[in-house]
Each structure stands twice: as structure tokens, then as C-alpha cells.
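Inspection log for the structure reproduced underneath, given as C-alpha cells.
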Protein chains: 6
Amino acid sequence: MTELGVVHRSIKRADLALVDRLAPFGVATVHEAMGQVGLMKPYMRPIYPGALVSGTAVTVLLHPGDNWMMHVAAEQIEPGDIVVAAITADCTDGYFGDLLGTSFMARGARALIIDAGVRDVKTLTEMGFPVWSKCVSAKGTVKATLGSVNIPVVCAGAAVNPGDAIVADDDGVVVVPAEWASKTAEAAKAREVNEGDKRAKLAAGMLGLDMYKMREPLEKAGLRYVD
Amino acid sequence: MTELGVVHRSIKRADLALVDRLAPFGVATVHEAMGQVGLMKPYMRPIYPGALVSGTAVTVLLHPGDNWMMHVAAEQIEPGDIVVAAITADCTDGYFGDLLGTSFMARGARALIIDAGVRDVKTLTEMGFPVWSKCVSAKGTVKATLGSVNIPVVCAGAAVNPGDAIVADDDGVVVVPAEWASKTAEAAKAREVNEGDKRAKLAAGMLGLDMYKMREPLEKAGLRYVD
Amino acid sequence: MTELGVVHRSIKRADLALVDRLAPFGVATVHEAMGQVGLMKPYMRPIYPGALVSGTAVTVLLHPGDNWMMHVAAEQIEPGDIVVAAITADCTDGYFGDLLGTSFMARGARALIIDAGVRDVKTLTEMGFPVWSKCVSAKGTVKATLGSVNIPVVCAGAAVNPGDAIVADDDGVVVVPAEWASKTAEAAKAREVNEGDKRAKLAAGMLGLDMYKMREPLEKAGLRYVD
Amino acid sequence: MTELGVVHRSIKRADLALVDRLAPFGVATVHEAMGQVGLMKPYMRPIYPGALVSGTAVTVLLHPGDNWMMHVAAEQIEPGDIVVAAITADCTDGYFGDLLGTSFMARGARALIIDAGVRDVKTLTEMGFPVWSKCVSAKGTVKATLGSVNIPVVCAGAAVNPGDAIVADDDGVVVVPAEWASKTAEAAKAREVNEGDKRAKLAAGMLGLDMYKMREPLEKAGLRYVD
Amino acid sequence: MTELGVVHRSIKRADLALVDRLAPFGVATVHEAMGQVGLMKPYMRPIYPGALVSGTAVTVLLHPGDNWMMHVAAEQIEPGDIVVAAITADCTDGYFGDLLGTSFMARGARALIIDAGVRDVKTLTEMGFPVWSKCVSAKGTVKATLGSVNIPVVCAGAAVNPGDAIVADDDGVVVVPAEWASKTAEAAKAREVNEGDKRAKLAAGMLGLDMYKMREPLEKAGLRYVD
Amino acid sequence: MTELGVVHRSIKRADLALVDRLAPFGVATVHEAMGQVGLMKPYMRPIYPGALVSGTAVTVLLHPGDNWMMHVAAEQIEPGDIVVAAITADCTDGYFGDLLGTSFMARGARALIIDAGVRDVKTLTEMGFPVWSKCVSAKGTVKATLGSVNIPVVCAGAAVNPGDAIVADDDGVVVVPAEWASKTAEAAKAREVNEGDKRAKLAAGMLGLDMYKMREPLEKAGLRYVD
């Protein structure tokens, strides 16, 4: 349940070995392998291009303009975790900067996903700590009101449970429920198997119309060609 | 007419030699040369900086969340074309990724302009296939409903007819009607002729107020200086 | 007062030596040192990453789709100035390009902050003239209606008086009233003094919870830990 | 062609008797009868609920913050016309108020469709002159720069040619090309024929699943029921 | 789990008698009673003012531009239900009109909550069937791709499980987990008990500063009064 | 200066008799009389149509998600005041409901202008207490962090000083600096003098082209008529 003022210390994380298998597929493939669910809204963008991570979710729910619980969350981080921060209402404030980034990295966090703003992006980029956020904002926050850590949250339109697998790259952020990690990795792998073959055919000029045998269904659907 | 379920195979493309002359002027100059019309909305952004292309439009109209017609459009591509994709309603889905990009490149397409999302942006960047889009989204699409290829469309606020010249760079995307390509190239050239001279004067500290003889009209308009 | 059709030639600029001290702290630290006020909206983004500037504000108020006053403003620029451009209503047009950029640089301007669009961003980037703007747009403007130069304006949600200190970097843009420049620099310096120490502690694994002595106030506020 | 500075006095209007037949169907039905094309973006909202109009388009293209051409357009209005106003770039200014409304009504205009702002909405509501707009704004405009009247425009994402039929109600605004007015009216009528029967069945508790015979295709598509 | 292509026929609904107790408190009070969680984004607006409903959630997950599952959902409606419709990606299409409204009412539905568009709003208003939606759009949808019914969804930023209690009025939409319905009703009642007394005091001119005894904590927080 | 933690008790209010003269002109006319400055962004909308007020500004600056200072502001209200609430960063929370509304009314406030959300809009409407806001949201706020009362603020893009005259109606909200109230009333009156005459002429079919003598300047500007 979504409850304020609680920190859950014991969460069941997706198996990290499994989670590590997900990143190389990339977000688009993992999202397809999931059956096209679990994606965060496309306004979530990385602070620098090229980052590709997967990890297990430590969730945090924060109040608008208040990052107190970020420090509480830091203590719950284990190596391999990705912190997923949701806000109880839309907010653009910069909840996170290079000091918290230093702390999170020291705890073993791989990334931050936050449905709000981030600051010190130049330093965070130099540190190589990737953040996916709604925006960049220098505006700091107060530390006055309780939120929660490791409760189910909705972050950028996606439901996230503590311990879920998170995959993030230049295409966005996808959430893989912990119990789906294994089958998602399998499905993603299956998708990739024929990709090299397909790419080669397309590069050679073969059309998707033929490769995917779409001409007949298109005709059945009524497609007309006019010269 | 905007009609669904039709593919026009014979379109009259702007002369490619003319179209090739447009790119070097850049979008801002071409847009001015057009008389300040034909520009797509500024939310259309390139997936990587520095790309500069011109080409002839192959248009495609798609349904929200459905990229079936992208494959139909691929077959209509000729070398020098730029695919311009419009959606019947606002949609952020990732209609296009590296496989379609491979296919489009193999067909000779120079770029994709899409009023929706794109994915696999890292790979597309590595491939050097430029895309101007509304957003980046890993979310894939279905292939279930017919749209059309090579009909007039409205893409990001601009009317595009098949065969029109398209110019795109870091400043945005402009549409040059096929029959305007020649005079637009002339007008753009005329604009550029004195630019070097102007730039030199401004760099030397001359003011636009003097160079453009604005002081008198400003005074007539009533501008007051206060010390 | 906000009045149209006026150019104030004599403005009291913040002391440039003081202003020069502000940039190295960065926007986030200056904003904190100000007491968390004076920040422009986070939609203001630099046209290229890594720029960091401070300077004194020359303000300009423009009409939608009309950049006439930019040329009037150019004459009022002194070395060390940053032009801050506000529009009387929301507008995305590209008010500023490489020619005006050349002129502004020649006059000694360090940057442009504009609550509207900018164009020729590739050339401006090559010139090393930084612009923070709401968007990029190739759409040019007309020169028909008077605005004002060096009057108080509201730019991207922040009140700016001519002569105020402006600091801008990858995190955004902050306005420091001229009479606050000195104490803000002091406060920013004070904030930085212990930062190295804090960073070292956090990097060593110390928690903010302990470093900032938050455990007691969190407990008082009612935070519960659940295993 | 989209050209600035031109007024086309002779346009071919859709037959008004045909156009008058369209309004009673409402926008949703007309849009379906068109094949789901021609709809303006849903941000276009009426200034008061309950208005329902159809008419022939007099188009006008305006500059941001400049309503000069509204007065030029007024002269081109004939009884039964609806003025469709597009702006060359996004603008929220109030281009139209009760004085222009009085003038348009006197000329026989039935409504205004404007991809920008409107003001004096209380008075316009009392006058019974309906306006569909992007927003309401008290901000007035200047009269300094030429646009055009009766050229093809893109208004709120829809292409409009002078003389096209426009239908607008609480659901939005749809554009029916002049040459489609007749067949669209027929198609709309055909859609309505069985609606009463369908409504009665649904009101009696019959399911769309059965009325539209969807159970088999759903099963074929793989829908699973779980108890 | 969020899975496509599944209909759960047996869901555990919150006790309707309890749910009926929630509506009179209104959304703002219920949301406070919940501990300030469970609210949908404020862009969700009613199609007419004054509606106030509570009911049990039947959830449906739909594809962009495709309302096929609405008909599947209709069969799962029981008297007292409110249908909560989520889309797998942002979409403004009009998924629901007067025919579906007739069907839903006949099945006993009290309202529709949809994170997308609705149409036929005039008729739905006349029917007295309330809808809270992201927008109004005449654009219809296709029926081609499977979604799911009665799975957990995220609708307008709020997590909704089938059977949860929904309360909606002019202030928005709040989700009360089924197992929280009882204690939320109690908490809401407790909040209301002293409201009449408070309102009387405030109406008599007493200040919240005194009524809530805020002067001391404000002083402690450092508030300064300046004459 | 914008400073947090301060309440200014002695402010110089615009003369209320003058302020009372402004409302009947309406916002559009007052804004024109001001020289087209001082208008808040058009996203500020009234919670019910038809309200028309003017008053003197009591300003309040609040923290995101925190309405503590609303209670502090209440004490500073004098009859004839309008409270103008700005937030240090974008926030949609419902800072104000019927209890605060009761208190504000008891103190003599005429309206609230808030660049954030409001709740209990049905009750506020029944009470006849008008609010112009960015949105409606049931989400409540905390009371933990200091802001300020009666300092200069930027609200919805407009600079407001305590004591300024505020005019608000269905067209939006305009700020008249206290020292401009008299001349603005005069200018507004002058604008209205000939309006009746103009309206009569336009209603009789006279064109603005002729009434405003626009034909010659349009011709000079190069307008071409095509048959």
C-alpha cells in the first residue's frame, strides 16, 4: 500500500544475475519482450547520452519540493540497486545533485530514476552517475516532511514495486516485475536471435513487406495501390 | 485528399538537383527565402546534433500506436527521398527503430521526419541515419490498421505534399513545395550573398541600427531614449 | 515600470568584479546562497552543454514575433553584459541567430537569455556564444513594433532589473539582484567551504543521515522502519 | 500555396444547402463519415457549451501578436461563412473580441475558429457568437504585418482550404473538403440510420459484444477469460 | 500483473455500502483521509460540473487509438461499478461516446474515468452519465488490438486495482484501495466532525493562525514581521 | 526584494476608490489602457464563469506543496484586498479550499489569484468566492516551511507588488501598479467613450477597414487582392 512515513528494510530484490542479463538487450527490446507494458513516460530523459544500466529498484516517495527521504533511501541501497523516486504531485525541483550522487555511488547504486528534476548535471556526468529525470532544475528542496522508502510507487506513469528490475538507456526506462525477470530475459533473447539475419536482409534491400509476409494481410485489409 | 487505405505509387518529386541545392543554406535561410512559411513546429528535434539534409518527401499517414504503413512506405522510397510521417492523432509511440532504419537506408532514404516517437536512437545515431521527431520512446507499435502513403498530410503543423522538398537541420524542418524549389533556391542564394559582408561589419562593431538604417523608423515609431 | 517604447541608457550595473566571482560557484550553489529565489523556469536550456557564464543584465522586452528591439538592445551592451530578453506573450519564434550573435559578441556580450526561440544554433555553438532559451526555432521575426530596453522584465518566471547579475550553466539561469551580488558571493563561498569535506565523507560511505544528524528529527517526525 | 500578403476574393464555397445538412449530425459523426480524417486538435474548445454550427470556410493567416488581417478577412465574409484563423507560429494572444464579433455577425459569419486566443468571451457569449479557440486571453494585438486571406492554411493540425465546410460543436471542429460535402452528408446519414435501433438495444442491456458480433474475432485474437 | 489479452471475471469489489459512504465527503476530504495518496493527476476533469460519485473499479487497459476492450469491459460491469480506463501510451482519442454510455448505464455503471478523450459530451451530459477524462475529442478509434480487463492499471498517475473504491467530483478523482475503504470512511468522518465548528469560527473572523495555534511554530521557524 | 520568512505588515495600497473604478472596464480594456503590459499568463482561469472583481494585492510566496503562509496572509487582508499567491516552483497542489475561503471572505478579501491549484471548487462557487488558478486539484498541502507575505512576487508571469491593483474576469487577470491606477482608469475610460459608436457602425455593416482607415496602410504594406 502507498503509505507515508514508512521505510521497508527487507525487500525481495530480483536476482541480480538475471537483472544483469537484461541491460544488453536495451529498453526497446525488453519492453517488447514484456508484451509492451511497464514503460515509463517518454518525458523521462537521461542527463547524458549513451548510458545503459539495469538494476534492482529501491523506491522512494517524496513530497513536492522536499528531498528529505532521499537521505533515508540512501541507507537502503545495496550494490546493484537503482533508486526510483516518485513525487506525490508534479514537481520540477532539483531533488538530487552531486553530493547525493557521491553518496549513492558509494552505496553501490547504479543510477537514479526520478519523476522530477535533478541538478549538478555537469558534475554528475563527469562522475559517470546516470540519472533519468523529467527535467533539470537548479532549484533545491527542503527537508521537512516524511515520505516513504520501499513502498509500491507510480513513477512517470509506471507502477514500480521495490525489488523490481529496472532497465534504462537512451530510449527510456522500463520496469520489469521481479518475478518476470527470468522469462523477460528469455523472451528478449529470443527476439534478438533472428535480428542479425533480418538486419542483413533489410540492408540488402529486401522489404519488410516481403520479409514479414505483409502483402496478403494488407490486401485483405483493403489497401489499394494507385498509379 | 486525405484518404485512408491508399498508396500512390506515382508521385511528382521536386527535381533532386534543385533539392540538393537547398540543404547548404540551412533551414533558417530557406524558411526566410520561402517568405516565412512552411516550417514545422519547433518541438521537432533531431536525434543527434549536426545533421543537415534535404530530400524529396514520401509521405505516410499512420494510426496512433500502429506502424504498419511504415513498411508499405519503405517500398515507395527512391534514392534522395525523406519519409515524412504524420499520425491521425497525437501519439508518442516509437514507430521507427534500427531495423526500419536499415531498410530505409538500403532504399536510399536520407532521413525520417515523424510527428511521433522514435526508438533505438543510439543505434540510429551510430548508423548515421538522421531522424527529426516529437520525442524518443521505446514503446513499440502494432500492425493492424491501414493508413496511406503519398497523400497530402499535415506533419507537425506543416502541410506536406508527396514530392515536396524537405530541408532539416539543428534549427528544425521546413517544407518547400515542389514547384517552389527553384525560386526558393534563388531567393536563399540572394539572401546569402551579402551575409558575409554583413557579418564582417557586425563583427567589426557596426550596429544593426546603422547597417539596416533603423534609427529613423524607430524614431518615427516613437522610441524614446532616457538617460 | 514596464513601459513600451523606451530605452534606458543609464543603468546601474552590478560590480563586474563581484559578478565574475559568482560564475565558478555554479547556478545551483548561487541559488541556494540566494535563499532559493531568483531562478528562471527549468524550461530554459542552453543550446550546448558545458557553458558557464555570469554577467550584468541588459534587459529587452519584445513583442511576439518581432525582434526589432534586439538591434536597439545591441547598442546598449557593454563588455560583461548578458542580454535578457522577455516577450509580452508566449512565443516560440527564433528571435536571434548568428548575425545578431556576431553583433552581440562584438559589443562584449557574454550570453543571451531569451524566453522564446533561437536559431542558427549550430553556428552559434561554433562561435562559442551561449544562449539559454525556451526552444530552438528557425522561424524568423518581423521588425514592426516597439518594445523597450533596460526596463524591469519578467523572464521565464523571474523578475529581472537592468544591471542585475545573471549566472547560467547546465542547471539553468539565476538572477541575483545587483545589491545582493556581494552577500550572495559570500554566502556561496561559505557553502562551498565544507563541500570538499562532505564529499569525501559521503564517498567513504558515510550516510547523509549521520552527517547531517537527521535520524533524530526523522524519528520525531514519526518515521517508522519495518523489517 | 501559402503566401503572405494576398487576399483571394473569389473562392469556391461548398454548397451551403449541403453544408447546412452537416451540422445536425454533429462533429463525431461527420468525422467518422469522413473516414476519421480532417479533425482539428482537441485543444480547440468552444467559449460556451452547446453551440453547434456548420458553414463555409473563409481562411486567414496571421502573424504572431498581429490581428490586422482579421479586418481584411471581415470584408470577404458572406452569410453562412465561418472564419478559420491560423497563425504562422504558436501564439496565445487574444486576436478577436466583441467589436470584431459584432462586425463578423453583421457580415453573416456563423462562427470563428482560431488557433490562438480570444477575448471578451462573456460579451461574445451574450451575443451568441460562438468561437472555438486554443485559449482565452485578454492580451490584444498590433496591426503591423501582412498575412493572407483565403489561402490554404493549417489550423490546429488540420488542412483547410477556403470554401471547405466546417462543422463545430462541443466535441471539436472538423473540416470537410468542399468536394466531399455531399458524400459526407450521405455517409453521416447512413451512420445515423441504425443508431436509434442500436441505442434501444444497448439501453435494454444487450452488449456491444453481441450486437457487433465481436466474440469470435476477440477469441481469434487470443483473448483469454480467467475466473 | 499487467498483461495484455486477459479478462478477469472474478474480482473482489470493495463493499458497496462502504463505498457509498465515501462520496458525500468529496474527493478532497477522502484524499486527506487517505494520507494524501491515491489522487489522479489534476488534468482529469469532469465533462460537466456538479457530478459526485463513488463506485467500485472495473479496470480496462487499452491500446492507443483502439477501444475494442471497452466492449469487453461492458460485460464485466455490475451495478455500482465505475469503469477506469488506462491507455498503454498517451492518447487523446475519443474512446467513448453516447452509445457506449447507454450500454454502460444499462449495465449499472455510475461513471467512466478515462486517461484519454471522450466524445458526444453534450449527449452524455443530457443522459447524466458523468465522465472524468483527459480531454474531449471527436476522434473515434479502431477495434483491432487486445488489451485487458480487470488487471491492475496506472490511470492518470494513480495505481488502480480492480475492485478498488473510486470517488470523483469537481475536484478530481481519488482511488481508495478496497481494503482501506472502511478506515478511510472513518477517517473522513472524523475530519468532518469539527469542520462545521471551524467554519463558524473562521466566518466570525477568527484566524487560522489562532485556531490552529500556528503563531508559536511560525516564530520558531523564524518568521519575521516588518512594519 | 524576494526574501523568504518575512511578513510586511505596512503596505501602500492603491486607492480603493480608484481600484473600484477599474473592474467595470474589464480586463481586456484595462490591459489595453496599460499599454498591453501586466497580464498574467492565459492559463489562469476562473473556477466559475461571470466573476468580475478588482482589488488591492496582498501577495504571498509559498513553497511547493506547502500552504502554511496562506494562514499568515489571512491576517494581513483588509477589506477590498485580493490575495495573489505565487509559488517558488511550478506546483499543481490544491493550496486553498472552502475553510480558507471562509476565512478570507470574513477578512474582506474579494478573490484569490493563485499560480497553483485550488480545491473545494463547488463549495467556493456556492459561496461566491472567485478564484483564478492554474488548475483544480484535490491534493492538500503541508505546513512546514516559511515563505513570505507582501513582498514583490512573480505570479503567472506577471510582476506584482503588494498594494497593486488587480482586475480579473473571464478574460484573465491583469496587474495595475498602484501608481498607475489613476491614469489607467482614465485611459480605459477614454477607450470606452467611442466604443458604443464603433459597435453601432460595425453592427450596421460598416467594415473596420473603413472605420479605422486601414485600406491605405494595407496597400502601402503591399497587400494584393486577387480575383
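The values are calculated or read from the model by the stated rules, or taken from the named source; none is laboratory data. All figures in this text were calculated on a predicted structure; none of them were measured in a lab. A quick note on method: Cβ atoms are made from the backbone with ideal geometry, for glycine too, and the neighbour counts reach across all protein chains shown. Side chains included, ligands, DNA and RNA excluded: accessible areas come from the protein's heavy atoms. Shrake-Rupley method; radii C 1.70, N 1.55, O 1.52, S 1.80 Å.
Against the list (1) without any contact (Cβ under 8 Å) to a residue 60 or more places away in the chain; (2) under 24 Å from residue F:23 (Cα atoms), the condition residue F:124 fails is (1). Taking the criterion of being among the charged types (D, E, K, R) and more than 9 Å from every other protein chain (Cβ to nearest Cβ), the residues of the stretch F:52-93 that qualify are F:78, F:81.
Rundown of residues vs (1) under 17 Å from the mean Cα position of the chain (by Cα); (2) at the interface with another protein chain (Cβ under 10 Å from one of its Cβ atoms); (3) of a type outside the set (Ser, Thr, Tyr), yes/no style:
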site: D:167; (1), (2), (3): yes, yes, yes
site: D:177; (1), (2), (3): yes, yes, yes
site: D:186; (1), (2), (3): no, no, yes
site: D:201; (1), (2), (3): no, yes, yes
site: D:206; (1), (2), (3): no, yes, yes
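Evaluation of residue F:123 against the conditions (1) over 18 Å from the mean Cα position of the chain (by Cα); (2) within 7 Å of another protein chain (Cβ to nearest Cβ) shows that the sole unmet condition is (2).
Scanning the stretch C:1-37 for residues that are open to solvent by less than 30 Å² (accessible area, probe 1.4 Å), in contact (Cβ under 8 Å) with a residue 24 or more places away in the chain and within 14 Å of chain A (Cβ to nearest Cβ) returns C:22, C:23, C:26, C:27, C:28, C:29, C:30, C:31, C:33, C:34. Between F:109, F:89, F:85, the distinction of being touching a Leu at 6+ places or on another chain (Cβ under 7 Å), aliphatic (A, V, I, L, M) and closer than 28 Å to residue E:226 by Cβ belongs to F:85 only.
Return yes or no: is residue C:181 touching a residue at least 60 places away in the same chain (Cβ under 8 Å), under 18 Å from the mean Cα position of the chain (by Cα) and either facing another protein chain (nearest Cβ under 7 Å) or within 30 Å of residue F:157 (Cβ to Cβ) (or both)?
Spelling it out, residue C:181 is indeed touching a residue at least 60 places away in the same chain (Cβ under 8 Å), under 18 Å from the mean Cα position of the chain (by Cα) and either facing another protein chain (nearest Cβ under 7 Å) or within 30 Å of residue F:157 (Cβ to Cβ) (or both).
Residues in the stretch F:157-199 that are among the charged types (D, E, K, R) and open to solvent by less than 30 Å² (accessible area, probe 1.4 Å): F:164, F:169, F:170, F:171.
Check every one of the strands (runs of 3 or more DSSP E) wholly within the stretch D:1-99 and list those with 2 or more residues that are within 12 Å of the chain's Cα centre (by Cα) and small (Gly, Ala, Ser).
D:53-62
Within the stretch A:216-227, the set of residues being closer than 14 Å to residue B:149 by Cβ and more than 7 Å from chain B (Cβ to nearest Cβ) is empty.
Counting only residues that are touching a residue at least 60 places away in the same chain (Cβ under 8 Å), within 23 Å of residue E:52 (Cα to Cα) and out of contact with any Ser or Thr (no Cβ under 6 Å at 6 or more places or on another chain), the stretch F:94-121 holds 1 of them. Annotation note: of A:108, A:128, the sole residue that is under 18 Å from the mean Cα position of the chain (by Cα) and closer than 22 Å to residue B:136 by Cβ is A:128. If a residue must be within 14 Å of chain F (Cβ to nearest Cβ) and under 20 Å from residue C:207 (Cα atoms), how many such residues does the stretch A:126-148 contain? Number of matching residues: 8. How about the stretch A:77-90: which of its residues are closer than 18 Å to residue A:143 by Cα and either in contact with a His (Cβ under 9 Å, 6 or more places away or on another chain) or buried (at least 24 other Cβ atoms within 10 Å of the Cβ) (or both)? Those that are closer than 18 Å to residue A:143 by Cα and either in contact with a His (Cβ under 9 Å, 6 or more places away or on another chain) or buried (at least 24 other Cβ atoms within 10 Å of the Cβ) (or both): A:85, A:86, A:87, A:88, A:89.
Among the residues of the stretch A:100-120, those that are surrounded by 23 or more Cβ atoms within 10 Å (Cβ to Cβ) and part of a loop (DSSP other than H, G, I, E, B) comprise A:109, A:110, A:119, A:120. A single member of C:148, C:133 is in contact (Cβ under 8 Å) with a residue 60 or more places away in the chain, in contact with a Lys or Arg (Cβ under 9 Å, 6 or more places away or on another chain) and open to solvent by less than 20 Å² (accessible area, probe 1.4 Å), and it is C:133. For residue B:161, the conditions (1) out of contact with any Phe, Trp or Tyr (no Cβ under 9 Å at 6 or more places or on another chain); (2) polar (S, T, N, Q); (3) farther than 26 Å from residue D:38 by Cα are fulfilled apart from (3). Does residue D:42 meet the test of being within 11 Å of chain E (Cβ to nearest Cβ) and within 30 Å of residue D:146 (Cβ to Cβ)? So residue D:42 fails the test. When residues in the stretch D:94-144 are screened for being within 19 Å of residue F:29 (Cβ to Cβ) and among the charged types (D, E, K, R), 7 of them pass. Only residues that are of a type outside the set (Ser, Thr, Tyr) and open to solvent by 50 Å² or more (accessible area, probe 1.4 Å) were counted across the stretch C:200-227, and they come to 15.
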